[in-house]
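Chemist: I'd like to ask you about the structure that follows.
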Amino acid sequence: MADEPARASLIDGKAFSQTLVERVAAAAARLEATHGVKPGLAVVIVGEDPASQIYVRNKGETTQKAGMRSDTHRLPDTTTQEELLALIAALNADAGIHGILVQLPLPKHIDSAAVLDAIDPDKDVDGFHVVNVGRLAVGLPGMIPCTPLGSLMMLKDQLGDLSGLNAVIVGRSNIVGKPMAQLLLGESCTVTIAHSRTRDLPALCRTADILVAAVGRPEMIKGDWIKPGATVIDVGINRVPSKDPVKAAEGKTRVVGDVDFAEAVEVAGRITPVPGGVGPMTIACLLANTYTAACRSVGVTPDDLNS
Ligand SMILES: Nc1nc(=O)c2c([nH]1)NC[C@@H]1CN(c3ccc(C(=O)N[C@@H](CCC(=O)O)C(=O)O)cc3)C=[N+]21
């Protein structure tokens, strides 16, 4: 009988995230018992984008499940920049709020950079403030963006020591690609960031022991771009028409990643599914960051959430 190449094992982000949320919940309960501080997260959403509304609801529900305070501020898309900045100033000054997340993207009439800049860096649980970007770059403690942090946790859980591995990150965004590169560099990987101008992207991807796909283009990364046995982290969450033409005509959608999963699973050693991979880890890390921010606000060293 001919040897079939083994199919990749799935990295179960959903199960991992549940474990992490339980650890955050236990740690938050200890913090409240010892210091009387209940971690509080404020999520601000401007406008009515249906996908954003779903994510915001998930964040709120998970936060409350973890025994933490969750406030959601839903603002109309007519909100002015001044009004949004005034809310952020109030949240910065609110001692019961340790984490502030302003859902992106913001309506076009609002300057996102100015809004992110207004968030107290110590409450910036997204890790998007330039102060946190700088802290990550120079290796100081700060807030680490949730999606790269969750991706790194899964990689370390799967592979252990990452040092010396070739990591290729496809996508150079401020929210995923660049901070992911910093984190993997910190783990002593050899890191390459690829983007739309990269020459011979498939050949570059084939050099990767760790391939992180964060471009936002449905199923762009094909099976023959992947080194056999590589670990693939698919950050993409793309809504595409349902496979069933009748359902597609009714406007039904399905969610796919940036990786062609059906092809990749035949080549990779390990791969995150979409849904059920990076997405749930992003939310779990948001809670972890909120807990960490609450600890630091009272000068307490956060408990290790890795065990
Ligand atoms: N300031 C800011 N911070 C964010 O972290 C942020 C943001 N803005 N804007 C929108 C994106 C999107 N995002 C997701 C988080 C979790 C899932 C998630 O849990 N997804 C599930 C379900 C996917 C589905 O079925 O739709 C999964 O992948 O299994 C998805 C998307 C955070 N974002």
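Chemist: How much area per residue is accessible in the chain when the probe is 1.4 Å and only protein heavy atoms are counted (Å²)?
Modeler: Accessible surface, normalised per residue, equals 48 Å².
Chemist: Given the Cα atoms of the chain, and with Rh set as the inverse mean 1/r over their pairs in the Kirkwood sense, what is Rg to Rh to two decimals?
Modeler: 0.98
Chemist: Now for a different question. Pairing the Cα long axis of helix 146-159 with the longest principal axis of the chain, what angle in degrees results, from 0 to 90 and rounded to the nearest 10?
Modeler: For helix 146-159, the angle is close to 50 degrees.
Chemist: Over all directions, how big on average is the projection of the convex hull of the alpha-carbon atoms in the range 35-130, in square nanometres?
Modeler: Computed as one quarter of the Cα hull surface, the answer is 6.0 nm².
Chemist: Now for a different question. Net charge around Glu32, counting only other residues with Cβ within less than 12 Å of its Cβ (Lys, Arg = +1; Asp, Glu = -1)?
Modeler: In short, +3.
Chemist: Excluding same-chain residues fewer than 8 positions from Lys14, which lysines have a Cα within less than 19 Å of its Cα?
Modeler: Reachable lysines: Lys59, Lys65, Lys156.
Chemist: I need the P(r) histogram for the range 145-279: all alpha carbon pairs, bin width 10 Å from 0 out to the longest distance, whole percents.
Modeler: 13, 45, 31, 9, 2
Chemist: Right, next: With +1 assigned to the C-beta of every Lys and Arg and -1 to the C-beta of every Asp and Glu, and no other charges, what is the dipole magnitude of the chain about the Cα centre in debye, to the nearest 20?
Modeler: Approximately 140 debye in magnitude.
Chemist: Considering only the other residues whose Cβ falls under 14 Å of the Cβ of Met143, what net charge follows from Lys and Arg at +1 and Asp and Glu at -1?
Modeler: In short, -1.
Chemist: As I understand it, the dipole of the range 145-279 uses +1 on the Cβ of Lys and Arg and -1 on the Cβ of Asp and Glu, about the Cα centre. Which of Ala248, Ser188, Ala208 lies farthest toward its positive end?
Modeler: Ala248
Chemist: Over the Cα atoms, compute the radius of gyration (one decimal) and Dmax (the largest Cα-Cα distance, rounded to a whole number) for the range 215-307, in Å.
Modeler: 18.0, 58
Chemist: Looking at the chain, what % of its DSSP beta bridges pair antiparallel, to the nearest 5?
Modeler: The antiparallel fraction comes to roughly 10 percent.
Chemist: Percent relative contact order of the range 35-130, based on C-alpha pairs within less than 8 angstrom and at least six residues apart?
Modeler: The normalised contact order for the range 35-130 reaches 34 percent.
Chemist: Then there is this: In the chain, carbon and sulfur make up what percent of the accessible area (probe 1.4 Å)?
Modeler: Result for the chain: 54 percent of the exposed heavy-atom area is carbon or sulfur.
Chemist: Please report the net charge: other residues with Cβ closer than 12 Å to the Cβ of Thr253, K and R +1, D and E -1.
Modeler: So the environment of Thr253 carries a net charge of +3.
Chemist: Just the isolated ones, please: cysteines in the chain lacking another cysteine beta carbon under 4.7 angstrom.
Modeler: Cysteines of the chain left without a disulfide-compatible partner: Cys189, Cys205, Cys295.
Chemist: Could you work out [θ]222 nm for the chain from helices alone, using -39500 (n - 2.57) per DSSP H run of at least four and dividing by all its residues? Round to the nearest 500 deg cm²/dmol.
Modeler: My calculation for the chain gives -12500 deg cm²/dmol from helical runs alone.
Chemist: Which ³J(HN,Hα) values, rounded to whole Hz and listed in residue order, are derived for the range 223-234 from phi using the Karplus coefficients 6.51, -1.76 and 1.60 in 6.51 cos²θ - 1.76 cosθ + 1.60 with θ = phi - 60°, glycine and proline given as x?
Modeler: Going residue by residue, I get x, 7, 8, 10, 5, x, x, 5, 9, 10, 10, 9 Hz, with x marking Gly and Pro.
Chemist: In addition: Rank Val246, Val115, Val212 by mean-square fluctuation in a GNM of the chain with C-alpha springs under 10 angstrom and give only the top-ranked residue.
Modeler: Of the options given, Val246 has the highest mean-square fluctuation.
Chemist: Separate question: To the nearest 20 debye, what charge dipole does the range 145-279 have about its Cα centre, counting +1 at the Cβ of each Lys and Arg and -1 at the Cβ of each Asp and Glu?
Modeler: 400
Chemist: Let me ask something else. Of all the stretches in the chain, which is the longest one without any exposed loop site, taking trypsin sites (Lys or Arg not before Pro) in a DSSP loop (any state but H, G, I, E, B) with at most 15 other Cβ atoms within 10 Å?
Modeler: Longest run free of exposed loop sites: 8-107.
Chemist: Next up: Give, rounded to the nearest 20 debye, the magnitude of the charge dipole that the range 177-226 has about its Cα centre when Lys and Arg contribute +1 at Cβ and Asp and Glu contribute -1 at Cβ.
Modeler: 220
The values are calculated or read from the model by the stated rules, or taken from the named source; none is laboratory data. Just so it is clear, the structure is predicted and the values come from calculations on it, not from any experiment. Quick reminder, even Gly has a Cβ in these numbers, built from the backbone with ideal geometry, and neighbours come from all protein chains shown. Each accessible area value is taken on the protein alone, full model and side chains, heavy atoms only, with ligands, DNA and RNA left out. Shrake-Rupley method; radii C 1.70, N 1.55, O 1.52, S 1.80 Å.
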